[in-house]
Amino acid sequence: MNQYLQTAPDPDQLADRLARFICETINRRLSEKDRFFLALSGGSTPQLLFKLIAEKYPLACEWEKVHFFWVDERCVPHTDPQSNFGACKDLMLDHLDCPPEHIHPVDGSREAEKEALRYASDLLAHIPAQDGIPLFDLVLLGIGTDGHTASIFPNSLTLFHAPQPCVATQHPESRQKRISITGTVINKASCVVFVVAGEEKKEVLFHIVTKNAAFEHLPAALVKPENGELYFFADQSAASLL
Ligand code: 6PG
């Protein structure tokens, strides 16, 4: 696994640098095939990226050939302000030329365990797979200050290695039900990108990037694409210990 660190002075320039990287990756892969499979995370960090792609890069690649999936989703309706899909749709998808049939959200309004099964079958119905695991071209991840990624939290580490493509999980504090793809899917991707911004992430990012043994129990530290590349895109505040 090759690992790369890309930094930018501030969140806006980080979003721009990451947007260009994603568009370049899509264009490179679309020179070899006619579909690109992208999994997006939620939370606040990617929202600058979504907004910037809509405003500055709507024509930078053939978005109509990209299939959009979600790394994880909160079990809320898409209209809820906490919905990862809802935020991405408002900020980006509604402003790109994306056929609706290429947009594959998790349905957060359904019962979590049932939706995890349905979403897994949706993944497998659309994405080429190996041994029942869908092979994403790019997975975009965030990192929580507790070292969680996707919606796999330190108190449910076993879910990271669950054999199935996605699982129902729960936020350890809020108890909010979530749906998340597993590390089994993440580590099969061709390219995994962490996007990390803010002073509050500097310690966790330091430990994850330097592979500090004391932190190898954290979900984000378990992200090691088997045959893919791993990128950390961080602003200077988050990368200040590296
Ligand atoms: C979610 C995300 C989650 C997120 C981290 C970082 O649904 O919240 O997928 O894994 O990436 O919690 O969130 P921030 O970008 O808001 O710090």
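The values are calculated or read from the model by the stated rules, or taken from the named source; none is laboratory data. Here the structure is a predicted model, which is why all the values come from computation and not from measurement. All Cβ positions, glycine included, derive from the backbone under ideal geometry; neighbour counts span all protein chains shown. Remember, those area values only see protein heavy atoms, side chains included, never the ligands or the DNA or RNA. Shrake-Rupley method; radii C 1.70, N 1.55, O 1.52, S 1.80 Å.
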* Scan (1) open to solvent by less than 10 Å² (accessible area, probe 1.4 Å); (2) out of contact with any Ser or Thr (no Cβ under 9 Å at 6 or more places or on another chain) for the single condition G108 breaks and write down its number. => (2)
* Residue pairs meeting the criteria (Cβ under 8 Å; at least 6 apart or on separate chains; first of a type in the set (A, V, I, L, M), in segment 160-189; second open to solvent by 50 Å² or more (accessible area, probe 1.4 Å) and within 14 Å of the ligand (Cβ to nearest atom)) -> A168/K177
* Exactly one of (1) touching a Leu at 6+ places or on another chain (Cβ under 6 Å); (2) open to solvent by 30 Å² or more (accessible area, probe 1.4 Å); (3) within 16 Å of the ligand (Cβ to nearest atom) is unmet by K89. Its number? -> (1)
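Evaluate segment 188-203: report whether one residue or more is of a type in the set (S, T, N, Q), part of a helix (DSSP H, G or I) and either touching a Cys at 6+ places or on another chain (Cβ under 7 Å) or closer than 30 Å to D107 by Cα (or both).
no
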* Considering segment 35-56 alone, what residues qualify as being in contact with an Asp or Glu (Cβ under 9 Å, 6 or more places away or on another chain) and among the hydroxyl-bearing types (S, T, Y)? -> S41
* Go through segment 31-60 and give me each residue that's under 21 Å from P134 (Cβ atoms) and out of contact with any strand residue (DSSP E or B) (no Cβ under 7 Å at 6 or more places or on another chain). => E32, K33, D34
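If you scan segment 189-211, which residues turn out to be open to solvent by less than 50 Å² (accessible area, probe 1.4 Å) and away from the ligand (no atom under 14 Å from the Cβ)? Before the answer, list the steps.
Of the residues in segment 189-211, the ones open to solvent by less than 50 Å² (accessible area, probe 1.4 Å) are 189-198, 201-202, 204-205, 207-209.
Matches in segment 189-211: A189, S190, C191, H207, V209.
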* Give me the pairs: first residue in segment 45-59 and more than 10 Å from A19 (Cβ to Cβ) and hydroxyl-bearing (S, T, Y), second residue within 12 Å of the ligand (Cβ to nearest atom) and outside any helix (DSSP H, G or I), beta-carbon distance under 6 Å, and six or more apart or on different chains, which are they? -> T45/G142; T45/V195; T45/A197
* Structure fact -> Restricting attention to segment 39-73, the residues that are open to solvent by 40 Å² or more (accessible area, probe 1.4 Å) and within 16 Å of the ligand (Cβ to nearest atom) number exactly 4
* To do: Quick one: in segment 154-167, of everything that is open to solvent by less than 30 Å² (accessible area, probe 1.4 Å) and touching a helix residue (DSSP H, G or I) at 6+ places or on another chain (Cβ under 7 Å), which residue is farthest from D12 (Cα to Cα)?
  => A162
* Every residue from segment 128-151 that is out of contact with any Lys or Arg (no Cβ under 8 Å at 6 or more places or on another chain) and within 8 Å of the ligand (Cβ to nearest atom) -> L141, G142, G144, H148, T149, A150
* Just give me the residues in segment 211-242 being of a type in the set (A, V, I, L, M), in contact (Cβ under 8 Å) with a residue 60 or more places away in the chain and not in a helix (DSSP H, G or I), in sequence order. => L218, V223, L230, A234, A239, L242
